[in-house]
Structures are given as structure tokens and as C-alpha cells.
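So the structure is just underneath, and the comments pick up after that.
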Ligand code: 5GP
């Protein structure tokens with residue numbers, strides 16, 4: 001008989017050798033069960049807040065695609081989706097301090113309730129850039145949901161409306177987040193093991 005339980009990610013694994021970080025050890029920071037439970041809670045809060053409305057969820061590519069897919073499938077309101085692509089760390093594991101727009105949204109967001117979906121907020125540069133850009137189009141409101149919040153953010157003069165988890169200042173991969181474009185498919189979230 002087939003087992004219908006989702007396979008559990010290993011507690012530890014190593015980065016593939018094709019990456020410049022190849023061979024380095026990773027450990028689980030958040031299990032897929034913890035992530036799925038929190039995503040359901042976020043979906044419930046958002047559904048409650050936007051009851052009777054039809055917000056447009058804007059996913060920030062590439063890292064948020066899995067979180068966004070899980071989140072919207074747990075909503076019980078009408079919604080639309082669109083995507084925007086911003087330059088991220090490239091092959092680095094630290095912010096370069098500049099944000100570039102690589103792909104814009106297609107939808108008209110004037111007079112719309114906008115919810116921007118981020119995988120992780122670190123320095124806050126990306127969300128600051130996105131908020132200013134969205135406000136130029138005259139939306140009814142702009143809210144942010146992020147699965148992960150890494151730092152105490154000093155540079156933000158607005159709050160992140162929905163936060164999945166506060167995590168320590170460590171480079172993380174899995175559940176949509178990459179290292180050298182790899183390991184996005186892991187259900188759990190991993191951090192580089194500290195030696
Ligand atoms: P911020 O502009 O807030 O410094 O960085 C946001 C973006 O940097 C995220 O959307 C993500 O692409 C990338 N990022 C920040 N921290 C991490 C991390 O720990 N792991 C990965 N894979 N990407 C990160």
C-alpha cells in the first residue's frame with residue numbers, strides 16, 4: 001500500500017556541489033509542518049480582514065512563489081494575483097544595497113487593495129522600494145505579508161502587516177528560497193550550520 005504522508009525533509013543536508021557553497025551543511029530551522037500551520041493562520045487573518053473585498057496579491061519573484069501558492073489556496077475570499085521581479089542577492093548571501101526592477105506587474109492597481117507577498121524581509125530595502133512604486137499607481141491600500149522577518153528593521157517608516165516568523169540573522173534556504181538558484185523545492189526551511 002502507498003504511504004499518503006508527505007515525505008519529511010531530512011534534518012540536515014548539504015548544499016549541492018554545483019553551487020559555490022557546495023558541500024556546506026544545512027540544518028532545519030522551521031519544519032514543513034510549522035510552516036504550513038503558520039501559513040494557514042496568516043490566510044485566516046487575511047481572509048477576515050479582506051472579507052467582501054477582492055484584493056490583488058503581488059508575489060515578489062522568485063523567492064515568494066511557493067509561499068504565495070500555499071497562502072492563496074488557504075484563503076476564503078475572492079482575490080487576483082500578479083507578480084513583480086526585483087533583483088535580489090545574485091550569487092551572494094548578503095544584500096548589495098541596491099534594488100532593481102526586473103519585471104513589472106501587468107495589472108492596473110489604481111483603486112485596488114494590494115497585498116505584496118514577500119518570502120523574507122532582511123534589510124527592508126526591497127519592501128521600501130516596492131511600497132513607493134505601488135503608491136505611485138494610486139491603490140486603495142498597500143499591505144505586506146512576509147513569511148520571514150530577519151532583522152529588527154531600522155530603515156522602515158511603515159510596518160509589515162503580516163509576519164509568519166521572526167528568524168535569526170542567518171542565511172536561509174528552502175520553501176522557495178534559494179542558494180545559487182538551488183534548493184527552492186524543500187518543504188522545510190534550512191539555515192547554514194554554524195561551526
Ligand atoms: P532585503 O531587501 O529586505 O534586504 O532583502 C529581501 C530579499 O533578499 C528577499 O526577497 C530575498 O530574495 C533575499 N534574501 C534575504 N535574506 C535571504 C536569505 O536568508 N536567504 C535567501 N535565499 N534570500 C534572502
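The values are calculated or read from the model by the stated rules, or taken from the named source; none is laboratory data. Just so we're clear, the structure is a prediction, and the values are computed from it rather than from any experiment. When we count neighbours, we look across all protein chains shown, and the Cβ atoms used for this are built from the backbone with ideal geometry, even at glycine.
Out of curiosity, is residue 32 surrounded by fewer than 18 Cβ atoms within 10 Å (Cβ to Cβ) and modelled with pLDDT of 95 or more?
Judged against the criteria, residue 32 is not a match.
Quick check: is even one residue across region 157-168 touching a strand residue (DSSP E or B) at 6+ places or on another chain (Cβ under 6 Å) and surrounded by fewer than 14 Cβ atoms within 10 Å (Cβ to Cβ)?
Yes.
Yes/no matrix, rows are residues, columns are (1) in contact with a helix residue (DSSP H, G or I) (Cβ under 8 Å, 6 or more places away or on another chain); (2) modelled with pLDDT of 95 or more:
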position	(1), (2)
15	no, no
52	no, yes
75	yes, yes
84	yes, yes
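Kindly list, by first and then second residue, each pair from a residue in region 164-178 that is in contact (Cβ under 8 Å) with a residue 40 or more places away in the chain to a residue that is more than 10 Å from the ligand (Cβ to nearest atom) and part of a loop (DSSP other than H, G, I, E, B), limited to pairs with Cβ atoms under 6 Å and residues at least 6 apart or on different chains.
Every condition considered, the pairs that remain are 174/186; 174/188.
Against the condition modelled with pLDDT of 95 or more and either within 9 Å of the ligand (Cβ to nearest atom) or surrounded by 19 or more Cβ atoms within 10 Å (Cβ to Cβ) (or both), how does residue 176 come out, does it pass?
yes
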